[in-house]
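Each reported figure results from applying straightforward, stated rules to the coordinates on display, with no laboratory input. All figures in this text were calculated on a predicted structure; none of them were measured in a lab. Heads up, the Cβs are rebuilt from the backbone with ideal geometry, glycines too, and the neighbour counts pull from every protein chain shown.
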Amino acid sequence: MTPQDTLTAERADRTNDPDLAGGADAQGSGSTAATVDPGVLAERILAGGEISRGEALALLATPDADVLGLVRAGGRLRRHWFGNSVKLNYLVNLKSGMCPEDCGYCSQRLGSEAEVLTYSWLSKDKAVEVARAGMEAGAKRVCLVSSGRGPSNRDIDRVADIIGGLKEEDPEIEVCACLGLLKDGQAERLAAAGGDAYNHNLNTAESNYADICSTHSYADRADTVDKAKDAGLSPCSGLIAGMGETPEQLVEVVFALRGLDSDSVPVNFLMPFEGTPLEGTHRLTPLDCLRILAMVRFVHPDKEVRIAGGREDNLRSLQPLGLEVANSIFLGDYLTSEGQAGAADLQMIADAGFVPVGAEDDPAYVAPQVGRGAPVVRRRGAGTDVAPNA
Ligand code: SF4
């Protein structure tokens, strides 16, 4: 049985398992997986109600034929709080690779044989230059990231300097730092430098954490999110789906993020780099990704839900449908992998009827026209000696 067969079987089992849906229902709504109507659920949430854990599990069990209905219902929440805008975020990897930690999904981990770029800290000027490209393309948040267990105080000084440089470029730009586990006082120094947010993902459920990392704990990660929040930084924390977690564990981590009061929730889909323990792991279909994104939207109806790493490879041709429930993406490339062209991201947003944050009321905004031109005359297949296109 392939991993996908397993997921499909799990979904079928769950649909008929009232114990699972009811038993996991922390709020005692008594809902079963078979009876959750996402449209009714959306009405309840719009009226101020909440989703239960059992209902979240049921959403993950939505049959393939009903996923568009689920997306449509989640889209009502998305449009209620965020209209048709898409926030663009831009990643700058300040320091790449050579990490002493052993997170199993990460191409920069201890012992990784992934052939990713490795380099030490970018200079302030280089970091600002790289970020400027994203800002000019419409990014409203720059995410300054470094590999490693956590920053030294000297590293905090470097990042504070870069934050200052970015704010000089554009005082309105939001700057989020993602530097690993924070020590006491470091979040306060980032906030004092003008930092707006701090990202530290929980990544997976507490019950699954030991299976993906041995060098730090789930509690360490939650503690850093709390430190950032206490210092007045907007907490940004999310997950990675597709690492072999169960649907129950997906629900567990998504509710844990709600407990942390994360303002933005990046949803990553595993990118199984060669040379890492999870290489070759492809558990998610595009429809699975939509089910997960919709579930996250129902649990975090008024929070920024961001489609993060792995968007292109996991959602594939269904990427634009992801925007119906998520209201945020990364523009362009990721930390160690290339995304689709930034212009293609902007084109996708426009084609799906959305508009980047900041351009909503800008009559001068024109989305790029990618790939538009005269048709390519066929020179293969019938009437030629060249192999047909099939
Ligand atoms: S701490 Fe960060 S950079 Fe290091 S292995 Fe884990 S995820 Fe990768």
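Would you mind telling me which residue in E206, E136, E252 has the biggest mean-square fluctuation in a Gaussian network model of the chain, where springs connect alpha carbons within a distance under 10 angstrom?
In the Gaussian network model the winner is E136.
What nm value, rounded to one decimal, do you get for the distance between A374 and E169 when each label is placed 7 Å out toward the C-beta?
Each label point is offset 7 Å from its Cα along the Cβ direction, giving 3.9 nm.
How do 285-291, 275-281, 360-366, 373-379 rank on mean C-beta neighbours within 10 Å, highest first?
285-291, 275-281, 360-366, 373-379
So the label point goes 7 Å from the Cα of A344 along Cα→C-beta, right? Which residues of region 316-331 then have their backbone N under 13 Å from it?
316-320
Under 13 Å Cα to Cα from K227, which aspartates and glutamates show up? Leave out anything in the same chain fewer than 8 places away.
Partners found: D184, E188, D261.
Which aspartates and glutamates have a Cα lying under 12 Å from the Cα of K95, excluding residues fewer than 8 positions away in the same chain?
Correct list for K95: D155.
If you find the alpha carbon centre of region 129-208 and of region 271-332, how far apart are they in angstrom?
23
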